[in-house]
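Before any comments, here is the structure.
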Amino acid sequence: MRKTQRNKNKKRIVERLISLSDASSFDSEFWQKQTPQDRFIATWKTIGEFYKIKGINGYKLRLQRSIQNIKQA
């Protein structure tokens, strides 16, 4: 059984009753349907929630930027 809802904040809620063995395929199917931006936002929110649960100030959360120059000899 599959049920999709949108709440007041326009968040999409998807529910499905499945067996434990099918859980992995459901997760993959769900995330593959999301845009890269939606996946990034969900990941970033999860990271923020993790730090909040651990009691760490998430104020300094940011992406790490790495720059590397490669020169041909």
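Observations, loosely collected:
- Computed lengthening from residue 11 to residue 32, 0.36 nm per intervening residue step minus Cα-Cα distance: 5.8 nm
- Rounded to whole numbers, the Karplus 3J(HN,Hα) couplings from phi for region 22-28 are 8, 4, 4, 5, 5, 4, 4 Hz, using 6.51 cos²θ - 1.76 cosθ + 1.60 with θ = phi - 60°, and x at Gly and Pro.
- Calculated FRET efficiency for the pair residue 69/residue 47, C-beta based, R₀ 25 Å, to 0.05: 0.30
- Cross-link check: pairs 33/54; 11/52; 10/45; 11/45; 10/33 evaluated at a Cα-Cα cut-off of 23 Å; pairs beyond the cut-off: 33/54.
Every number in this text was worked out from the coordinates using simple rules, so none of it is lab data. Given the structure is predicted, the values throughout are model-derived calculations rather than measurements. Backbone-built Cβ (ideal geometry, glycine too); neighbour counts: all protein chains shown.
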